[in-house]
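Participant: Handing you this structure, nothing more for now.
The values are calculated or read from the model by the stated rules, or taken from the named source; none is laboratory data. What you see is a predicted model; the values in this text were computed from it and never measured. Glycine gets a Cβ as well: all are built from the backbone with ideal geometry, and neighbour counts include every protein chain shown.
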Amino acid sequence: MAKRFWRFISTAYDILCLIWVWGIFVIIPDHSGVSFWTKIILIGATFISISDSIDAARGKNSLFKVVMKLMYCFLFLLGVFSFLYFAYGTTANFNVPLTHFDAFYFALGTLMTGTGNINGVSDVARYLQAAQMGLDLILIGFAASLAVSRFTATRS
């Protein structure tokens, strides 16, 4: 019974974090930057999200649960970086002022292949993009190694 309770708490936490991140991304009215405490909360929630995904993969969970945790982690990171890019999306940091969609486009482009027509021009924008690239590489590498290890475990 206790295990079921903690699984419910974990799922509720995941859902609330996604709602919170995407909610503040949508309602943030302007490019006012990010307060210190918001940064601390985002960093903490990001590391909890990543460690929760790793713990789910290490255990004897079903492949579906592991894939869902990884998808949650990618959506969470996409929301965090969309929010940060929009918060700092002025012409001082990027070659064009970012709208909500531009910030999402830039975050998704950084995750996938590159951004093309939107470029970071300040150190702040480049640091954010480098941080996202690093976390994305870690997650993609983790997902690939997980897929290979699960595939080879089922074949032996």
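Participant: Taking the stretch 108-133 on its own, how many of its residues are assigned to a helix (DSSP H, G or I) and not charged (D, E, K, R)?
Facilitator: 14
Participant: Further, regarding this structure: Going residue by residue through the stretch 82-97, is there one that turns out to be touching a Phe, Trp or Tyr at 6+ places or on another chain (Cβ under 6 Å), more than 16 Å from A144 (Cα to Cα) and of a type in the set (G, A, S)? I'd like the intermediate steps shown before the answer.
Facilitator: Initial filter on the stretch 82-97 (touching a Phe, Trp or Tyr at 6+ places or on another chain (Cβ under 6 Å)): 82-83, 85.
Imposing the further condition that a residue be more than 16 Å from A144 (Cα to Cα) reduces the set to 82-83, 85.
Right, trim to of a type in the set (G, A, S) and you get 82.
Yes, there is a match, as at least one residue in the stretch 82-97 is touching a Phe, Trp or Tyr at 6+ places or on another chain (Cβ under 6 Å), more than 16 Å from A144 (Cα to Cα) and of a type in the set (G, A, S).
Participant: Could you tell me which numbered condition S53 fails, if it satisfies all but one of (1) modelled with pLDDT under 85; (2) among the small types (G, A, S); (3) in contact with a Gly (Cβ under 9 Å, 6 or more places away or on another chain); (4) surrounded by 17 or more Cβ atoms within 10 Å (Cβ to Cβ)?
Facilitator: (3)
Participant: Checking D136 against (1) closer than 25 Å to D30 by Cα; (2) part of a helix (DSSP H, G or I), which single condition isn't satisfied?
Facilitator: Only one criterion is unmet by D136, namely (1).
Participant: Taking the stretch 131-148 only, how many residues are within 18 Å of the chain's Cα centre (by Cα), surrounded by 13 or more Cβ atoms within 10 Å (Cβ to Cβ) and among the aliphatic types (A, V, I, L, M)?
Facilitator: Of the residues in that region, 6 qualify.
Participant: What number of residues within the stretch 21-47 satisfy the criterion of being in contact (Cβ under 8 Å) with a residue 24 or more places away in the chain and either in a helix (DSSP H, G or I) or out of contact with any Gly (no Cβ under 8 Å at 6 or more places or on another chain) (or both)?
Facilitator: 12
Participant: Would you confirm, using the coordinates I've provided, whether F74 is of a type outside the set (A, V, I, L, M), under 15 Å from A131 (Cα atoms) and touching a Ser or Thr at 6+ places or on another chain (Cβ under 8 Å)?
Facilitator: Spelling it out, it is not the case that F74 is of a type outside the set (A, V, I, L, M), under 15 Å from A131 (Cα atoms) and touching a Ser or Thr at 6+ places or on another chain (Cβ under 8 Å).
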